[in-house]
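Take a look at the structure below.
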Amino acid sequence: MQKELEEYRWWQKGIIYQVYPRSFKDASGDGTGDLQGIMQKLDYLAWLGVDAVWVSPIYPSPMDDFGYDITDYTGIEPLFGSMQDFDELLHLIHQKGMKLILDLVPNHTSYLHPWFKESRSSRDNPRRDWYIWRDPAPDGGPPNNWQSVFGGSGWEWDEETGQYYYHAFLKEQPDLNWRNPDVKKAMFDVMRFWLEKGVDGFRVDVIWHLMKDHLFRDNPPNPDYIEGEPDIKRYLNAYSEDQPGVHDIIAGMRKVMDPYGERLLIGEIYLPIGRLVTYYGKEGAGVHLPFNFQLIQVAWDAESIYALVNEYEGSLLPGNWPNWVLGNHDKDRVLSRIGEQQARLAAVLLLTLRGTPTMYYGDEIGMHDVHIPPERIQDPKELTMPGYSRDPQRTPMQWSNAAYAGFSETEPWLPLADDYQARNVETEKEAAGSMLSLYKRLIEVRKQEPALQVGDFIPLGLQGQLMVFKRIHNGAGVLVAINFGKEKAVYQSETKLQGEILISVSGKPEGRLVADSISIEGEDAVVVRLD
């Protein structure tokens, strides 16, 4: 017998919303978003109906990688505000019945972090082993062939001490050595600091990178590498990521978190499904949610999506809770990937599949990638790997048709979309057919229907570009039919079908279904409460 709705954890029933703080709302007037700005928009998030706000890094940082290079894990970057601002934000979020999830970045620090300054000062410094240092190869070059995600070798020569240090990302982001027990203790203490303040969980950055091969073996060549692709793809990262010992680290994180009650541990993991699901761990020793990015990467057609959903569902063990993600600060926006009408279908998919959905700010109003002129480029990745900028999907949130889209009173840190005067929260709130109205209605229906929050996933088949499934909880059911194709399709049920249309992307009027079939227009979707 299925559990009652109250027995599920908040994060199983809830919706997570990612805020990229630089781009959400500027309250200080300097063109960059901040904590006070987030506070000003909490009423909007509560109105939208999200349950948890995940805030990308807000710690002190030289901003070489916009906050993912940290100099103090228990402070607040002055650009974003103060610790008093953070405490107020946390209080207000809780007051409005929502949760706050912080980014945790334990794989690497800034090269300006006091820990690395000590580590770099001499070979016999007590913190030398807090980072990954190696002697040169016999030819004087890097110790092995591990590549940086941001291009080139992952090893940087340090003239002063005559060794290389490893950085999976920028050279300004040296990797911590998680084999050192003192590193573990320090990072677990960081987690306790924020948990004691009352944060409701962490999204752990690049968690699959934390452990590296202890023999530092070369990565094997990638037989599928295509010339012109990033350097990181030249090799299969067999030894520089996803190492067995990473699961012991995650088990340690869970031991820190579990005494604090219903706190949530999310892992950022870009791996195939079979490897991804191992991060749930054994007997509750893994992350609660290994982020599932498959909808970002899948070929966008009914057959591929249907196969993906079923493969994922079939890979989950009892006790594993699914999750889905459509976009984030590192990937092209969903609308730019698949177009506006398909992005509407993607919204239906995200909010009706089994598991916890994560939304990326602005996707709910149909924000798209923005062209960044050369003189406005901010992302260091574009400077080291031209053509791979993440700036286009990080542009300011479009709140209104006022100057600077209501984001700021001055020129924002990144350019605004040309169509912000039509595509913004204020305008779309009043438009029945807008993307925002669709998201709002989907979230409302999800909250009204326990089957959509926690119900089982029952695949009903694929008919050309028409994908149909049911969600069932305690005998109550919801049917979802999504037509990814451009031609009209008809779903013919093998059993009696009767119910009420709750949502139609094309705006078909709500009403009763009395026949045993549903006609669905091209690029349309319907959500039906079954009798």
Subject >> Residue list for the range 247-264, filter: more than 15 Å from Glu196 (Cα to Cα) and either touching a Phe, Trp or Tyr at 6+ places or on another chain (Cβ under 6 Å) or among the polar types (S, T, N, Q) (or both) >> reply: Ile249
Subject >> The one condition in (1) within 21 Å of Tyr17 (Cβ to Cβ); (2) among the small types (Gly, Ala, Ser); (3) part of a loop (DSSP other than H, G, I, E, B) that Ala346 fails to fulfil >> reply: (3)
Subject >> Pair list, Cβ < 7 Å and 6+ apart or interchain, from the range 401-425 residues that are in the same structural domain as Met367 (by TED's automatic domain parsing) to residues that are among the charged types (D, E, K, R) and outside any loop (DSSP other than H, G, I, E, B) >> reply: Asn401/Glu426; Trp413/Arg22; Leu414/Arg376; Leu414/Asp391; Pro415/Arg376
**OP:** Specify which of the listed residues (Glu303, Glu283, Glu313) is more than 30 Å from Leu414 (Cα to Cα), modelled with pLDDT under 95 and surrounded by fewer than 23 Cβ atoms within 10 Å (Cβ to Cβ).
**Re:** Glu283
Original post:
Of everything in the range 288-306 that's part of a helix (DSSP H, G or I) and of a type in the set (S, T, N, Q), which residue is nearest to Ile250 (Cα to Cα)?
Top reply: Gln294
Subject >> Residues of the range 308-337 that turn out to be touching a Leu at 6+ places or on another chain (Cβ under 6 Å) and among the β-branched types (Val, Ile, Thr), as a count >> reply: 1
Original post:
Restricted to the range 66-97, and to residues that are part of a helix (DSSP H, G or I) and of a type in the set (A, V, I, L, M, F, W, C), which residue is nearest to Val199 (Cα to Cα)?
Top reply: Leu90
**OP:** Collect the residues in the range 355-395 that are of a type outside the set (Asp, Glu), over 16 Å from the mean Cα position of the chain (by Cα) and in a helix (DSSP H, G or I), keeping them in residue-number order.
**Re:** Ile365, Pro374, Arg376, Pro380, Lys381, Leu383, Thr384, Pro392
**OP:** Please go through the range 12-61 and pick out each residue that is surrounded by 20 or more Cβ atoms within 10 Å (Cβ to Cβ), of a type in the set (Ser, Thr, Tyr) and without any contact (Cβ under 8 Å) to a residue 60 or more places away in the chain.
**Re:** Tyr59, Ser61
Subject >> Residue among Arg275, Arg263 that is surrounded by 21 or more Cβ atoms within 10 Å (Cβ to Cβ) and either in contact with a strand residue (DSSP E or B) (Cβ under 7 Å, 6 or more places away or on another chain) or without any contact (Cβ under 8 Å) to a residue 60 or more places away in the chain (or both) >> reply: Arg263
**OP:** Give me a count of the residues in the range 470-494 that are of a type in the set (A, V, I, L, M, F, W, C) and either free of Cβ contacts under 8 Å to residues at least 60 places away in the same chain or assigned by TED's automatic domain parsing to the domain that holds Leu353 (or both).
**Re:** 6
Subject >> Among (1) part of a loop (DSSP other than H, G, I, E, B); (2) modelled with pLDDT of 95 or more, the one test that Gln453 misses >> reply: (1)
**OP:** Output the number of the condition that Gly81 fails; it satisfies all remaining conditions of (1) on the phi > 0 side of the Ramachandran plot; (2) without any contact (Cβ under 8 Å) to a residue 24 or more places away in the chain.
**Re:** (2)
**OP:** Could you check how many residues of the range 98-122 are part of a helix (DSSP H, G or I) and closer than 29 Å to Gln36 by Cβ?
**Re:** 1
Original post:
Residues of the range 344-395 being without any contact (Cβ under 8 Å) to a residue 24 or more places away in the chain and either among the β-branched types (Val, Ile, Thr) or on the phi > 0 side of the Ramachandran plot (or both), which ones?
Top reply: Ile377, Gly387
**OP:** Could you list, in sequence order, all residues of the range 171-223 that are assigned to a strand (DSSP E or B) and not small (Gly, Ala, Ser)?
**Re:** Asp175, Leu176, Phe202, Arg203, Val204, Pro221
Original post:
Is one or more of the residues making up the range 263-280 more than 30 Å from Val334 (Cβ to Cβ), at pLDDT 95 or above and in contact with a helix residue (DSSP H, G or I) (Cβ under 9 Å, 6 or more places away or on another chain)?
Top reply: no
Original post:
Any residue in the range 164-174 that is in contact with a Lys or Arg (Cβ under 9 Å, 6 or more places away or on another chain) and surrounded by fewer than 19 Cβ atoms within 10 Å (Cβ to Cβ)?
Top reply: no
**OP:** Within the range 404-445, count every residue that is in a loop (DSSP other than H, G, I, E, B), aliphatic (A, V, I, L, M) and farther than 14 Å from His368 by Cβ.
**Re:** 2
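The values are calculated or read from the model by the stated rules, or taken from the named source; none is laboratory data. Computed from a prediction, not measured in an experiment: that's the story for all the values here. Quick reminder, even Gly has a Cβ in these numbers, built from the backbone with ideal geometry, and neighbours come from all protein chains shown.
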